Amino acid sequence: MSRIGKSPITIPQGVTVDIKDGVVTVKGKLGELTQEFSEIDITIEDGVITFERPSDKKDHKAKHGLYRALISNMIEGVSNGFTHELELVGVGYRASNQGQKLDLAVGYSHNIVLDLAPEVKVETISDKGKNPIVKLTSHDKQLVGQVAAKIRSFRAPEPYKGKGIKFRGEQLRRKAGKSA
């Protein structure tokens, strides 16, 4: 049995979960998320969501844990939200935002301007003597992770000096330079 799939989810205060026609809808103070599901029985009793699978087929086992994790992330997102912080390491690397437009100067001949989805809130922090930080916040874990990965892909950290855009707290594998 899936260890993830068999653990129940307790619904926190202020969050409503509706199951109708193969679609789970989760509403909370930060927003609303929906997820389609199939082949797994999802039941809500006394503020606890449980997941049952019809058989021990490989496909059913995989979906059992998957849907439990997705719905758990949806509940976490609409109640608390998710945050990703990106750090720009390099001389002259800057970040600024105008509403939902993120403007990055990361060593190219031109600035990179990225329009973000309205569900993702962006904030840039530029303190003197410290690396600029881009803070992304959203109720949708998949969306905020995808946007963070897209921003990181503009200038991934290189292994010799560590310059580039990295996640805050990310440990980079560093290489030694040329030996003389």
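Within region 2-41, the set of residues being open to solvent by 40 Å² or more (accessible area, probe 1.4 Å), within 26 Å of S138 (Cα to Cα) and free of Cβ contacts under 8 Å to residues at least 40 places away in the same chain comprises T10, Q13, T16, D18, I19, K20, V23, T34, Q35, E36. Checked against the criterion of being of a type in the set (A, V, I, L, M), in a helix (DSSP H, G or I) and out of contact with any strand residue (DSSP E or B) (no Cβ under 7 Å at 6 or more places or on another chain), the candidates L70, L66 yield just one match: L66. Taking region 1-27, which residues are hydrophobic (A, V, I, L, M, F, W, C), under 20 Å from D59 (Cβ atoms), in a loop (DSSP other than H, G, I, E, B) and touching a helix residue (DSSP H, G or I) at 6+ places or on another chain (Cβ under 7 Å)? I4, the sole residue that qualifies.
Conditions (1) more than 30 Å from I11 (Cβ to Cβ); (2) among the hydroxyl-bearing types (S, T, Y), marked per residue:
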{"position": "G81", "(1), (2)": "no, no"}
{"position": "L88", "(1), (2)": "yes, no"}
{"position": "S109", "(1), (2)": "yes, yes"}
{"position": "P118", "(1), (2)": "no, no"}
{"position": "K130", "(1), (2)": "yes, no"}
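Sub-9 Å Cβ pairs linking a first residue in region 123-139 that is hydroxyl-bearing (S, T, Y) to a second residue that is open to solvent by 60 Å² or more (accessible area, probe 1.4 Å) and not in a strand (DSSP E or B), at least 6 apart or interchain, are S138/L30; S138/E119, ordered by first then second residue. Taking the criterion of being open to solvent by 40 Å² or more (accessible area, probe 1.4 Å) and closer than 30 Å to G162 by Cβ, the residues of region 42-96 that qualify are T83, H84, E85, V91, G92, R94, S96.
A quick yes/no check of all residues on (1) over 30 Å from T25 (Cα atoms); (2) modelled with pLDDT of 95 or more; (3) open to solvent by 50 Å² or more (accessible area, probe 1.4 Å); (4) in a helix (DSSP H, G or I):
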{"site": "A148", "(1), (2), (3), (4)": "no, yes, no, yes"}
{"site": "P159", "(1), (2), (3), (4)": "yes, no, no, no"}
{"site": "G162", "(1), (2), (3), (4)": "yes, no, no, no"}
{"site": "A176", "(1), (2), (3), (4)": "yes, no, yes, no"}
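The values are calculated or read from the model by the stated rules, or taken from the named source; none is laboratory data. Please read all numbers here as calculations on a predicted model, not as lab measurements. With ideal geometry, Cβ positions are generated from the backbone for all residues, glycine too; neighbour counts draw on all protein chains shown. These accessible areas exclude ligands, DNA and RNA; they are computed on the full protein's heavy atoms, side chains included. Shrake-Rupley method; radii C 1.70, N 1.55, O 1.52, S 1.80 Å.
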